[in-house]
Amino acid sequence: MKEIYCKFKSTRDDVAALIEQNTEISTDHMTPEIKLRLITPNCHLWHSNGDDSPFLEPFWAFYWPGGQALTRYILDNGERFNGKTIVDIGSGCGATAIACKLVGARHVIANDIDSVAAESIKLNSELNDVTLFITTQNLIGQSSAKCDIILLGDMFYDEQFANIISDWLKKSMTKSSTVFIGDPGRHSFQNHPMREQLKKLACYELPKSCKLQNNGLISSSVWEMSI
Ligand SMILES: C[S@@+](CC[C@H](N)C(=O)[O-])C[C@H]1O[C@@H](n2cnc3c(N)ncnc32)[C@H](O)[C@@H]1O
């Protein structure tokens, strides 16, 4: 069954219109090459307590620090992603998947279980003139379709979920696949045993807007896992 992340019964057109009404196009982030519809301080919902929000949990309306670093890395190291088949798990606003297309990836799957996120990814891909394959299927835990690269931007925000993801990676990774992770130093990631298998590739200072949104975080890093 499809997960419902809007507070009322809605069609895809309604959802797209609501996203457009409640967000603004922003480039105030670590990858200004990519335009994104986000909830920013200029938007009504930024200042609301959520009661008047049509969305249940609009994670897609924010560009998370882990995703920002991972996307920056992809844009700056395009040769590693060019020509590849890539799946972006927990795509949110879709920035990381969009970056892959911009650097010439062959096929990019943007995956998020939130159907509103899927609509936001579609709108953002159109804003940036790229075509993505978007799916709301829960791929975590399933034997994954063959792909060269798995991307995880800010997906280690919870200890239990971090364990589920790492178990899935252990089972589904093949010798030819690589996992790239963006994380700003969240507790569930820092202390995870999986860290021993990871190589740090880059560390970026967060832009002012992102620091303000994520109290206490100052930087975000990119890690590579391979077997
Ligand atoms: C913290 S946000 C990160 C979004 C994006 N990667 C970024 O860095 O900006 C986590 C996202 O993962 C999605 N998500 C949670 N569980 C998921 C699952 N099992 N499969 C796919 N997406 C999932 C949420 O809907 C949300 O959009």
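Quick look at the numbers
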| quantity | calculated |
| --- | --- |
| Theoretical FRET efficiency, 1/(1+(r/R0)^6), r = Cβ-Cβ of residue 131 and residue 202, R0 35 Å, to 0.05 | 0.80 |
| Value of relative contact order over the chain, rounded to a whole percent, pairs C-alpha under 8 Å and six or more apart | 19 |
| Average Cα contact separation per residue, segment 69-108, under 8 Å, 6 or more apart, as relative contact order % | 50 |
| Where N is the number of residues in segment 88-150, Cα Rg divided by 2.2 N^0.38 Å | 1.03 |
| Karplus-derived HN-Hα couplings along segment 210-227 (A = 6.51, B = -1.76, C = 1.60, θ = phi - 60°), whole Hz, x at Gly and Pro | 6, 4, 5, 6, 10, 3, x, 8, 10, 9, 8, 10, 10, 10, 10, 10, 9, 10 |
| Within segment 61-226: Cβ-based charge dipole about Cα centre, in debye rounded to nearest 20 (Lys, Arg +1; Asp, Glu -1) | 420 |
| Amide H within-cut-off set for residue 219, under 5 Å, with H built and near neighbours excluded | 206 |
| Segment residue 52-residue 209, extension gain: residue separation times 0.36 nm, minus the distance between their alpha carbons | 54.1 nm |
| Principal-axis tilt of helix 12-22 within the chain, Cα atoms, nearest 10 degrees | 80 |
| Packing rank of 31-43, 122-134, where each peptide gets the mean count of other beta carbons within 10 Å, highest leading | 31-43, 122-134 |
| In degrees, nearest ten, helix 65-76 long axis to first principal axis of the chain (Cα) | 60 |
| Nearest 10 degrees, 0 to 90: helix 115-127 Cα axis against the chain principal axis | 90 |
| Calculated SAXS-style log₁₀ I(q)/I(0) at q = 0.11, 0.13 Å⁻¹ - the chain, Debye, Cα scatterers | -0.51, -0.72 |
| Environment charge at residue 35 (Cβ cut-off 12 Å; Lys +1, Arg +1, Asp -1, Glu -1) | -4 |
| Residue (of 179, 191, 127) at the positive-pole extreme of the chain, dipole from beta-carbon charges | 179 |
| Per-pair calculated FRET efficiency, R0 = 35 Å: residue 12 and residue 160 via Cβ, rounded to 0.05 | 0.65 |
| Summed side-chain charge close to residue 158 - residues other than residue 158 whose Cβ falls under 15 Å, Lys, Arg +1, Asp, Glu -1 | -4 |
| Long pairs among 35/122; 84/199; 146/170; 122/211; 146/171; 101/208, criterion Cα-Cα beyond 22 Å | 122/211; 101/208 |
| Cut-off 14 Å between beta-carbons: net charge of the residues surrounding residue 207, Lys and Arg +1, Asp and Glu -1 | 0 |
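Rule-based calculations on the coordinates, nothing more; no lab input. Predicted model only: the values in this text are computed from it and were never measured. A quick note on method: Cβ atoms are made from the backbone with ideal geometry, for glycine too, and the neighbour counts reach across all protein chains shown.
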